[in-house]
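Input: a single structure, listed below in structure tokens.
The values are calculated or read from the model by the stated rules, or taken from the named source; none is laboratory data. None of these values were measured; they are calculated from a predicted model. Note that each Cβ is placed from the backbone with ideal geometry, even for glycine, and that neighbours are counted across all protein chains shown. Surface areas here come from the heavy atoms of the whole protein model, side chains and all, with no ligands, DNA or RNA. Shrake-Rupley method; radii C 1.70, N 1.55, O 1.52, S 1.80 Å.
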Amino acid sequence: SIKTSHSKRNMSMQYAPVVPRQTYHTGGSGPSSSGVTSSSIDSMQENLSAVPVLKVMRLQSPELGQPSSGSVDQQSLLNSSLMLPDSFGVIHIGETFTAYLGALNVSKDLPIRRLTVTAQLQTPSRRWPLHSALDASNNAGGIDVTPGGGLDAIVSRSLEEVGQHILRVEVGYSSNGPKTLRKFYRFNVSSPLNIRERTMRAGDASCFVSIAVANAANAGSSGGLTVSSVKFHPSAGLVAERIGNGGISVLDNVNDKQERKFRGAELFDGCGRLDPGESFRYVFLVKAASEDATLRGIACGDELGKAVFTWNKAMGETGRIASTAVLCPSSHPPGLLEENAAAASSNSPRSVLGSKFVVHGSGLSVDAAAAAANRSASHADGSAGPGGSLDELLPVTVEPIDPPTSMELAVSREVQLLIVNHSEKAMNLQLQMRLPQMSGVVICGSSFKNLGEVPPSGGSCVVSIRLVALVAGLFRAQGCCIVDLTSGREMPQPPLFNVFVEKADEQ
């Protein structure tokens with residue numbers, strides 16, 4: 001390996017001169033067989049051109065070479081261990097690929113006539129032209145290069161895809177007709193980080209997004225990275241807020257009147273350093289940005305946005321990588337509604353208690369409204385909507401409005417419920433709070449309430465009930481069922497909310 005003490009950009013590369021094979025045909029020895037006059041020979045010599053030599057190099061910073069284990073070196077790493085890579089090296093998505101193109105005239109006698117140099121970068125999906133300072137002369141038909149001279153240019157492009165890439169360089173010149181030299185350089189682009197997303201509903205119009213990012217290099221290798229910036233770019237109508245500072249920033253405390261001393265471990269954890277195999281986790285709260293967006297809510301399948309990470313290598317190279325689009329998850333686990341209906345038919349709370357799902361904060365009503373709107377749009381387009389959609393399984397939803405998180409033992413509390421009709425027809429509804437399916441927290445007062453006729457397609461009403469806690473502990477308010485008095489259809493509801501029951505302080 002070649003070593004240097006300067007932090008120059010590396011111009012090492014695989015290159016090779018490409019010389020086209022030329023064959024000259026001659027006739028017989030007599031004048032009649034040759035057919036070539038002295039004037040035509042002079043004309044051919046005037047149009048004869050030297051063959052250009054093509055050189056291509058990737059421009060990159062030198063690598064930081066570390067001494068092997070057990071070695072003793074009195075000189076600084078930054079003084080003697082900057083190594084020029086002997087190939088394209090490791091290239092990551094998000095980096096800017098930069099290459100030097102040179103076309104040289106090594107001839108001492110002949111010029112290169114009408115020389116042009118163009119380059120393209122072929123990615124797994126398409127081919128991109130690479131613009132350079134030679135575009136003007138290329139468009140003009142080329143430029144003549146004197147003996148011993150040459151043309152060069154620098155091309156670059158940000159890498160946005162993982163997979164094999166091909167740098168295609170083409171050199172054109174004129175030597176008794178147009179001639180072309182082509183050279184292809186293949187290299188692989190990999191992802192430096194493995195990104196995993198996990199999303200959880202936090203209400204009708206908000207979600208928690210957890211992003212785990214890990215260094216994709218093999219453990220024990222020298223592919224350490226530093227994550228310098230982490231941002232979540234929300235979709236239109238949404239805002240994102242990072243939960244927790246995710247590390248220590250010394251610069252944020254420079255102007256503090258009271259200086260704080262940080263431990264070494266705190267500074268290291270806050271610097272964003274990711275060695276091979278290590279990972280970080282970041283949490284964001286994504287919510288509606290306006291009152292109208294809050295009323296509409298965030299439904300299952302809505303795009304929340306993307307997480308964007310900015311990282312740096314050891315010698316300062318910068319790259320950016322984004323996660324895939326984060327989507328709002330379903331409001332309920334698969335099979336919950338069928339399980340809830342089976343529990344209602346058996347009048348047993350055990351089946352419902354087997355699930356941890358509750359309506360409050362789940363966005364169930366928003367998902368049912370979105371499913372109804374999608375099904376109506378499908379019918380309007382003449383296409384059949386998906387069978388067994390959420391609005392068909394649960395045409396009426398019941399959602400608690402700001403329910404209590406805690407209750408005192410034997411003290412009743414009033415809770416307001418929002419009932420929404422997602423079907424396409426008006427319904428004469430009745431709310432039933434069924435005591436056999438309740439546990440710990442039960443209905444206080446009338447358990448059946450007539451709601452009257454509720455309009456279709458999002459029509460709603462609000463009703464109040466009173467609950468009382470009989471036992472201390474953590475319980476779910478459940479046993480709610482909606483009945484259509486016209487058809488007799490029963491629509492059992494999932495548990496409404498969690499509540500902690502505590503004993504009153506004795507005085």
remark   = Here the FRET efficiency for A140 versus T96, based on Cβ atoms and R0 = 25 Å and rounded to 0.05, is 0.30
query = Mind listing which GluC sites (Glu not before Pro) in segment 397-494 are in a DSSP loop and have 14 or fewer other Cβ atoms within 10 Å?
reply = E424
query = On full extension of the chain, what length is gained from D275 through K261, given 0.36 nm per residue of separation minus the C-alpha to C-alpha distance?
reply = 2.5 nm
remark   = Taking R0 as 56 Å and r as the Cβ-Cβ distance between V471 and S158, the FRET efficiency 1/(1 + (r/R0)^6), rounded to the nearest 0.05, comes to 0.35
query = Full extension from T405 to S446: what is 0.36 nm times the residue separation minus their Cα-Cα distance, to one decimal in nm?
reply = 12.5 nm
Pairwise label distance in nanometres, A426 with H131, each label 7 Å out on the Cα-Cβ vector = 6.4
remark   = Log entry: pair-distance distribution for segment 90-220, C-alpha pairs binned every 5 Å from zero, whole % per bin is 2, 9, 15, 15, 12, 10, 9, 7, 6, 4, 4, 3, 2, 1, 1, 0
ask   = Over the C-alpha atoms of segment 278-335, what are the Rg and the largest Cα-to-Cα span, Dmax, in Å?
value = 16.3, 53
query = Rounded to the nearest 10 Å², what accessible area does Y185 show when all protein chains are kept and the probe is 1.4 Å?
reply = 10
task = Could you check how many percent of all C-alpha pairs in segment 432-507 are farther apart than 17 Å?
result = 53
key: Largest-first ellipsoid semi-axes for segment 379-494, taking √(5λ) over the Cα gyration tensor eigenvalues, angstrom   = 30, 15, 12
